[in-house]
Amino acid sequence: MFQYQADIVSNREVKPKYFLMQIKAPSIAKEAKPGQFVTIRCDFKTAPFLRRPFSFHSISGSSFKILYEVVGEGTSILSNKRPGEKIDILGPLGNGFSMPKKCSEFILVAGGIGVAPLFALAEALVKGKKRRVHAIIGARNKKGLLCENDFKGLGIKPLIATDDGSCGKRALATEVLEELFSKLGATLPTIFACGPESMLKRIKSITRRRGFECYASLEENIACGVGACLGCAIRTTSGYKMACKDGPVFNLNEMIW
């Protein structure tokens, strides 16, 4: 874990209210794994006081990228940062995605901004060993759809689901997931997911019924990022755990909601 003033390489708006920031941080980039995260002090003033957590969206060489939505004071400040400015970061934090050694087929299911950590995972999955990777991206509408072309750039044609049918299929991401299962036949894929709790609950029900392994990155409110404040406690089959320290990636079968 490292903390230092890192350089902002770029910070651009990819869609209204959604930004992609590239940060040069060699020590962190070298140790970072998909599913882990950093916390960022959005301003050097006293407010906002708490750091904000951001998952690794892409990791390359001496830098990494974060994909974020402007939803409050902290992210609003970040959206106005310019290349060349410095930013206070702490990371890498948490436990990321584990790659099952015996599995060669994977399905990534993203809901909204939940696509952020799954793209870094997709980058890792397509490297090296022969793996078949499917991606499902869900959003409320076309305006909220993220990273479709980025997945295509990796050779993965994502299946798109929008609530209003403005892009892809008018369906929930979980409905598209069940349709995909029917096409895979006897294959036993591993599922990785990130998105709203309602989506994760449905995925848990689907995968448990079929006997598939599923791991999810939880979208919890994280404050300290190191398990000290106990603000992100979650209930599991083995007791309470901290999303920031023990996760944010958990086996969905262990979750108790």
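Residues in region 132-149: is at least one farther than 25 Å from S198 by Cβ, at pLDDT below 95 and among the basic types (K, R)?
Looking through region 132-149, at least one residue is farther than 25 Å from S198 by Cβ, at pLDDT below 95 and among the basic types (K, R).
Among the residues of region 108-117, what is the count of those that are buried (at least 24 other Cβ atoms within 10 Å of the Cβ), touching a helix residue (DSSP H, G or I) at 6+ places or on another chain (Cβ under 9 Å) and among the aliphatic types (A, V, I, L, M)? Show your work before the answer.
Our first condition is that a residue be buried (at least 24 other Cβ atoms within 10 Å of the Cβ); within region 108-117, this holds for 108-111, 114-117.
Narrowing further to those that are touching a helix residue (DSSP H, G or I) at 6+ places or on another chain (Cβ under 9 Å): 108-111, 114-115.
Pick out the ones that are also among the aliphatic types (A, V, I, L, M) and you get 108-110, 115.
Matching residues across region 108-117 total 4.
F250 passes all but one of (1) more than 24 Å from P92 (Cβ to Cβ); (2) of a type in the set (F, W, Y); (3) within 14 Å of the chain's Cα centre (by Cα); which number fails?
All conditions are met except number (1).
F151: farther than 14 Å from T207 by Cα and aromatic (F, W, Y), yes or no?
Yes.
Is it true that some residue in region 18-32 is outside the structural domain of V249 (by TED's automatic domain parsing), assigned to a loop (DSSP other than H, G, I, E, B) and surrounded by fewer than 18 Cβ atoms within 10 Å (Cβ to Cβ)?
Checking region 18-32: not a single residue is outside the structural domain of V249 (by TED's automatic domain parsing), assigned to a loop (DSSP other than H, G, I, E, B) and surrounded by fewer than 18 Cβ atoms within 10 Å (Cβ to Cβ).
Kindly provide the set of residues from region 29-52 that are modelled with pLDDT of 95 or more and of a type outside the set (A, V, I, L, M, F, W, C), ordered by number.
Selection gives K30, E31, K33, P34, G35, Q36, T39.
Could you list all residues from region 118-145 that are buried (at least 24 other Cβ atoms within 10 Å of the Cβ) and more than 22 Å from L188 (Cα to Cα)?
Across region 118-145, the qualifying residues are A120, G138, A139.
Out of S98, S104, S58, report the one residue that is farther than 15 Å from Y215 by Cα, modelled with pLDDT under 95 and among the small types (G, A, S).
On inspection, the qualifying residue turns out to be S104.
Please work out which residue is surrounded by the most Cβ atoms within 10 Å (Cβ to Cβ), limiting yourself to region 204-257 and to residues that are part of a strand (DSSP E or B) and without any contact (Cβ under 8 Å) to a residue 24 or more places away in the chain.
Ranking the qualifying residues of region 204-257, first place goes to M242.
List every residue pair whose Cβ atoms lie under 6 Å apart, where the two residues are 6 or more positions apart in sequence or sit on different chains, the first residue falls within region 184-198 and is surrounded by 14 or more Cβ atoms within 10 Å (Cβ to Cβ), and the second residue, located anywhere, is among the polar types (S, T, N, Q).
From region 184-198, the pairs are I191/T207; C194/S217.
So, in region 1-14, exactly how many residues are at pLDDT below 95 and assigned to a strand (DSSP E or B)?
Summing the residues that are at pLDDT below 95 and assigned to a strand (DSSP E or B) in region 1-14 gives 4.
Take the residues in region 67-97 that are of a type in the set (S, T, Y) and over 10 Å from N11 (Cα atoms), then tell me which one is surrounded by the fewest Cβ atoms within 10 Å (Cβ to Cβ).
Out of the qualifying residues, it is S76.
The values are calculated or read from the model by the stated rules, or taken from the named source; none is laboratory data. Everything numeric in this text was worked out from a predicted model, so none of it was measured. For neighbour counting, all protein chains shown are included, and Cβ atoms are generated from backbone atoms with ideal geometry for every residue, glycine included.
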